[in-house]
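These notes are about the structure you will find just below.
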Amino acid sequence: MRLHKFYEEWIFNAYLCTSFQLGLFRIAFTFMLIFFFGVPQFSNKIIDFPDGFFNPPPLFGQFFSDIPPILYFKITDVILFIGFFCTLIGLLTKVFGIISASISIINFGFIFSTGKIDHSFLVWFTLFMMSFSGWGKKFSIDSIIFNTKNIKIQVWPISLLSLSLGFAFFTAGLIKLISGWLGSSDSMVRAFFLRNYYIQQKQDYMAKFFENCNFQLFWEIGDWFTILFEIGFLVVVFQTSLFRFFTLLAILFHGMIMLMMNISFHSFFSVYLLFWTPLIPKQIVIRAQDIFHKLTQNKLRLLSTILILWIVYFVRMTFSENVYTIFKDILILFAFILSLYLLIIKPKIVFLKSEDQTETNIIKFDGVCNLCNGFVQFVINRDKNAYFKFSTLQDSYDDKKEYQTIILEKNGAISEKSTAFLEIVRKLNGLWPYLYLFILTPKPIRNFIYSIIAKNRYHWFGERDVCMMPTPELKNRFI
Amino acid sequence: MKSNRSKITLFYLFPLFLIGHLAYGLIVREPYPSLMMPAFSRIDNDGKEYKLTDFNLIVQVDSKMDTINLKNLAYPFSKIAISRAIDLVYFRKDSEKNYNSLQKKYYSIIKSFIGEKYYSKYIIAVRHPKMNENQKRQFTLWIKKRVSDKKNIYGFSVIIEKVLTTRDFKSGSIKRKEVINQVKI
């Protein structure tokens, strides 16, 4: 029953966000699809298709006996052309989202009938599922034409997509694991790289450098990182902040794969963005609201904006495959550098939670304990944004038994022991937020280790006769 | 509340679907739509050398021989997709030889468990489907048309060699190269 409650809570509340944030995600998602990934056009691919060759994968393809005539693909290409643009500007968003996603999924089924699936399904599945979220209620033409004020948005599609993404990565890790990826005497990443280099002739970017790289430790780390990262993606699916951290790792991973093996997974970037939607800052939302309000006040300006978008969109559709590739590579490079920056310089952002923006945090600590006082000083030095306020346990409780744990109070909710410690370090500057990864350790084990330290803290680190007195400049941080 | 119940039911059924389609994908063949990711794990690796199969395409006009790069021939399709098609059309009987040693072990266990008949019918026939004569003929014409377009030649034949290359693991240099099968079209 407790598990059911937890699951239900996760389904409906894990990615709580506003209709404005969802609207901004819709624009970003479709923009990336259109301008970096490209609206799928099937008729030009089907013309080159091996004649008479229809060997579809199980499930979808079994409903068809052959590939439909070229006219079908030409018609669906036009529908997709209109559908993607309407989803971008938010005109009949739900209808066009569902139609565009369905056509893409079905038509890719025909493309994959030579037997190779390119795994872009998750992108179309995101478009399909998010059409049910109400992402067209704001920053859209729908919001001008229809009354969308009282329509409730749905965030369960985001939870479903996080489960899908976690599972997708898990499948890759599991298959590697059972096929002996870690059991070989040498690196499987190296073996796969060489196969790609020589057989698939993927020798661009940094491939030549890695071909000559015989640094064994690098390749071994590659093996272990791949498995831990891919399987770990499913493990963290119920921890939203860790899940977001894994999406950043994924971008880093895809960037490396691109540089080493010239395999591009850029289309997933737009999906990863979804899980960051609840963290879109209020200031950006207000700024976007302001721009949209100005547009709606002046119909001529609105129409000319749509017209300009349409022209840019049309021009974009005429670009050749080479231009697409340049756009994609720029996107990968940008995302790769951004993820590196966040992971190394700003890990505090990596582990952010949506509620962090509004809540007040009070750390209650044992005022006579040297270890606790040292920790408080440590937190103050690394809490540049002054997230935390402090109070001694002696001020709140008379019973000494209550002093065995540090307490973190967030908007009335209380965390203690190891959970409190990890929640505190999550918000510090520097690389300390990485300690939050220990949240994956089962709570009884974490708390057991915490209790050992807590019990011996006076013995190991000493105690004071009186509680810590804050310096004048820190006085406002103490309650 | 009622609609919430249906969503919760969906969330309980969805993982079952995911597990089912993973099991089917692992044992038989990856379905589509699929939420599986590529695993890139089909290579045997002893740390000293690794073996990979590839195709050589030799174009023969009268007595003159010339080669054509399969990657260029396949474009805009991926070389992997066309290699798989070539394998199915001309070298279908070799398909199981492409498995790595662990895959061979797993499939021999499955075969002994369900029997040769069911193994062939429900796994091999789906994993490596048999192309009919019309499909083979049309695919051959497609290959020849592509060669003709790329090389601007007519009245030629194409020899497709399935090559097993053994490379040194560290340096990547070729240690052995052997033609394990070939077909002339």
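The values are calculated or read from the model by the stated rules, or taken from the named source; none is laboratory data. The structure presented is a predicted model; accordingly, all values stated were derived computationally and were not measured. Neighbour counts run over all protein chains shown; Cβ positions are idealised from the backbone, glycine included.
When you check residue A:86 against the structure, is it closer than 30 Å to residue A:153 by Cα and either out of contact with any Phe, Trp or Tyr (no Cβ under 7 Å at 6 or more places or on another chain) or surrounded by fewer than 17 Cβ atoms within 10 Å (Cβ to Cβ) (or both), yes or no? When the stated conditions are applied, residue A:86 does not pass them. Taken over the range A:146-177, the residue count meeting the criterion of being facing chain B (nearest Cβ under 10 Å) and either at pLDDT below 90 or in contact with a Cys (Cβ under 7 Å, 6 or more places away or on another chain) (or both) is 3.
If you go through the range B:136-165 and keep only what is hydrophobic (A, V, I, L, M, F, W, C) and free of Cβ contacts under 8 Å to residues at least 24 places away in the same chain, you end up with B:141, B:142. Between B:145, B:151, B:121, B:117, the distinction of being within 26 Å of residue B:179 (Cα to Cα), surrounded by fewer than 13 Cβ atoms within 10 Å (Cβ to Cβ) and either within 13 Å of chain A (Cβ to nearest Cβ) or out of contact with any Ser or Thr (no Cβ under 6 Å at 6 or more places or on another chain) (or both) belongs to B:145 only.
When the range A:180-231 is limited to residues that are in contact with a Ser or Thr (Cβ under 6 Å, 6 or more places away or on another chain) and of a type outside the set (Phe, Trp, Tyr), the one that is farthest from residue A:437 (Cα to Cα) turns out to be A:220. Of the candidates A:147, A:107, the single residue that is free of Cβ contacts under 8 Å to residues at least 60 places away in the same chain, of a type outside the set (Asp, Glu) and over 22 Å from residue A:157 (Cβ atoms) is A:147. For the range A:45-67, the candidate set comprises residues that are more than 34 Å from the chain's Cα centre (by Cα) and within 7 Å of another protein chain (Cβ to nearest Cβ); within that set, the residue that is surrounded by the most Cβ atoms within 10 Å (Cβ to Cβ) is A:50. The listed residues are B:111, B:71, and the only one of them that is among the basic types (Lys, Arg) and away from chain A (no Cβ under 11 Å) turns out to be B:111.
Inspect the range B:174-185 for any residue being in contact with a helix residue (DSSP H, G or I) (Cβ under 8 Å, 6 or more places away or on another chain), surrounded by 12 or more Cβ atoms within 10 Å (Cβ to Cβ) and either hydroxyl-bearing (Ser, Thr, Tyr) or within 29 Å of residue A:212 (Cα to Cα) (or both) and give the result as yes or no. No; the residues of the range B:174-185 include none that is in contact with a helix residue (DSSP H, G or I) (Cβ under 8 Å, 6 or more places away or on another chain), surrounded by 12 or more Cβ atoms within 10 Å (Cβ to Cβ) and either hydroxyl-bearing (Ser, Thr, Tyr) or within 29 Å of residue A:212 (Cα to Cα) (or both). For the range A:115-129, the count of residues that are outside any loop (DSSP other than H, G, I, E, B), surrounded by 21 or more Cβ atoms within 10 Å (Cβ to Cβ), within 12 Å of chain B (Cβ to nearest Cβ) and among the small types (Gly, Ala, Ser) is zero. Residues considered: A:328, A:364. Of these, the only one that is within 30 Å of residue A:269 (Cα to Cα), charged (D, E, K, R), surrounded by 14 or more Cβ atoms within 10 Å (Cβ to Cβ) and in contact with a helix residue (DSSP H, G or I) (Cβ under 7 Å, 6 or more places away or on another chain) is A:328. Just name the residue that is farthest from the other protein chains (Cβ to nearest Cβ) out of those in the range A:87-104 that are closer than 26 Å to residue A:305 by Cα and touching a residue at least 40 places away in the same chain (Cβ under 8 Å). Among them, the one singled out is A:89. Just to verify a result, which residue in the range A:426-442, among those that are touching a residue at least 40 places away in the same chain (Cβ under 8 Å) and over 15 Å from residue A:345 (Cα atoms), is surrounded by the fewest Cβ atoms within 10 Å (Cβ to Cβ)? Applying the filter and picking the extreme gives A:440. Criterion applied to B:40, B:91 was being at pLDDT below 90, more than 10 Å from chain A (Cβ to nearest Cβ), under 30 Å from residue B:106 (Cα atoms) and touching a Lys or Arg at 6+ places or on another chain (Cβ under 9 Å), and the one residue passing it is B:91.
Quick grid of which residues meet (1) modelled with pLDDT of 85 or more; (2) among the acidic types (Asp, Glu); (3) part of a loop (DSSP other than H, G, I, E, B):
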site	(1), (2), (3)
A:7	yes, no, no
A:11	yes, no, no
A:16	yes, no, yes
A:25	yes, no, no
A:28	yes, no, no
A:41	yes, no, yes
A:54	no, no, yes
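Within the range A:178-224, being touching a residue at least 12 places away in the same chain (Cβ under 8 Å), more than 10 Å from chain B (Cβ to nearest Cβ) and among the hydrophobic types (A, V, I, L, M, F, W, C) holds for A:182, A:206, A:207, A:210, A:219, A:224.
Contact map, the range B:1-17: residues that are within 13 Å of residue A:8 (Cβ to Cβ) paired with residues that are acidic (Asp, Glu) and modelled with pLDDT of 90 or more, Cβ distance under 8 Å, separation 6+ or inter-chain. Pairs shown: B:8/A:8.
If you check residue B:139 against the conditions, is it within 10 Å of chain A (Cβ to nearest Cβ), closer than 30 Å to residue B:149 by Cα and at pLDDT below 80? Judged against the criteria, residue B:139 is not a match. In this entry, residue B:102 is excluded by the filter for residues that are within 10 Å of another protein chain (Cβ to nearest Cβ), hydrophobic (A, V, I, L, M, F, W, C), in contact with a Gly (Cβ under 9 Å, 6 or more places away or on another chain) and crowded, with 18+ Cβ neighbours inside 10 Å.
Remark: pairs (first residue in the range A:310-329, within 14 Å of chain B (Cβ to nearest Cβ); second residue modelled with pLDDT under 80; Cβ separation under 8 Å; 6+ apart in sequence or on different chains) = A:321/B:76.
Do the conditions hold for residue A:95, that is, is it surrounded by fewer than 18 Cβ atoms within 10 Å (Cβ to Cβ), more than 30 Å from residue B:146 (Cα to Cα) and more than 19 Å from the chain's Cα centre (by Cα)? Considered against the rule, which asks whether it is surrounded by fewer than 18 Cβ atoms within 10 Å (Cβ to Cβ), more than 30 Å from residue B:146 (Cα to Cα) and more than 19 Å from the chain's Cα centre (by Cα), residue A:95 comes out as yes. Of everything listed in (1) at pLDDT below 90; (2) over 23 Å from residue A:200 (Cβ atoms); (3) within 27 Å of the chain's Cα centre (by Cα); (4) of a type in the set (Val, Ile, Thr), the single unmet condition for residue A:263 is (2).
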